[in-house]
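Student: Attaching a single structure in structure tokens format; questions to follow.
The values are calculated or read from the model by the stated rules, or taken from the named source; none is laboratory data. It should be emphasised that the depicted structure is a prediction, and the values quoted were computed from it without experimental measurement. Every residue, glycine as well, gets a Cβ built from its backbone with ideal geometry; the counts of neighbours run over all protein chains shown.
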Amino acid sequence: MLSVQVKSNPTTTKDTQISDVNDSALGRNESISQDKSLLIRRFVLFFCVAGLMLLADLVSKSMAFSSFFDPTQNFQSPHYWVDGIFGIQTSTNPGALFGMGSGYSWLFAILSVVALAGIVLWLFVFGAGYDLFLTLTLGLISGGILGNLYDRLGWGALPSYPESIHTNVRDWILFRLEGVPFFDPWPNFNLADCWLVCGAALLFFHALFLAPPDDVSAAEEEDALHVNRS
């Protein structure tokens, strides 16, 4: 019986392997390009959210203080929207939440800058910005940080304000539940405080229900490391 042996062409095999490598590299480059494009869009989204939250806070403070703040008076009269429960009462806070750290506005300003830098690094250097929920939430928090930082730098004070309150945070939202412990009265606050509290709650929700499992995160990190090495 005649036996026929077919020899493979080494050149063809080598060309095929090179083509496969090139296709793989092209696919990785396209993936990296798409990732960068996504991160740029999230970068824009983050700053839009932070900017809108900052704008809402500053406009509301300006409106409240221009209408209901008398710098010559130590006590500002309340103006209720819901009688005895909810309304406007302007006040200034020389510290942080509940007046803690009174007189250390400069320290809280520094901590605010550090927090903002940490958020930007987390989102756009360490990759949290690929998560839409985190991008929106941290934009909300950053808007709150910027709103109170604006006041602590003295930019919210008018020349007519006493020098002693120039770096205080402007609060104007009044809420109280008469006879209820801790809520009678509740310390006055502003929209920046609302953004911070809501953002913290959303981060907690994300950590409980939306964060990927550790094994999935580890696999993603290995994939990213492999792409970088390639």
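Student: Six or more apart or on different chains, Cβ under 9 Å: which pairs go from a residue in segment 174-188 that's in contact (Cβ under 8 Å) with a residue 24 or more places away in the chain to one that's among the aromatic types (Phe, Trp, Tyr) and in a loop (DSSP other than H, G, I, E, B)? Could you list them?
Tutor: So the pair list comes out as Leu174/Trp186; Phe175/Phe183; Phe175/Trp186; Arg176/Phe183; Arg176/Trp186; Leu177/Phe183; Leu177/Trp186.
Student: Taking the options Leu52, Leu121, Leu107, Leu97, name whichever one is more than 29 Å from Pro159 (Cα to Cα) and aliphatic (A, V, I, L, M).
Tutor: Answer to the check: Leu121.
Student: Name the one entry in Trp106, Trp81 that is assigned to a strand (DSSP E or B) and surrounded by fewer than 17 Cβ atoms within 10 Å (Cβ to Cβ).
Tutor: Exactly one of Trp106, Trp81 is assigned to a strand (DSSP E or B) and surrounded by fewer than 17 Cβ atoms within 10 Å (Cβ to Cβ), namely Trp81.
Student: Please state which one of Val82, Val4, Val49 is modelled with pLDDT under 85 and of a type in the set (A, V, I, L, M). Walk me through how you get there before you give the answer.
Tutor: Values: Val82 fails: modelled with pLDDT under 85; Val49 fails: modelled with pLDDT under 85.
Result of the check over Val82, Val4, Val49: Val4.
Student: On to the next question. Condition first: surrounded by 16 or more Cβ atoms within 10 Å (Cβ to Cβ) and more than 11 Å from the chain's Cα centre (by Cα). Now tell me which residues in segment 42-66 satisfy that.
Tutor: Arg42, Leu54, Ala56, Asp57, Leu58, Ser60, Lys61, Ala64, Phe65
Student: Among the numbered criteria (1) under 14 Å from Asn168 (Cβ atoms); (2) not in a helix (DSSP H, G or I), which one does Asp151 miss?
Tutor: (2)
Student: Only one residue in Gly118, Gly129 is under 24 Å from Leu208 (Cα atoms), part of a helix (DSSP H, G or I), in contact (Cβ under 8 Å) with a residue 24 or more places away in the chain and of a type outside the set (Val, Ile, Thr). Which one?
Tutor: Gly129
Student: Please find, within segment 178-216, the residue that is modelled with the lowest pLDDT out of those that are surrounded by fewer than 11 Cβ atoms within 10 Å (Cβ to Cβ) and of a type in the set (Gly, Ala, Ser).
Tutor: Of everything passing the filter in segment 178-216, Gly179 is modelled with the lowest pLDDT.
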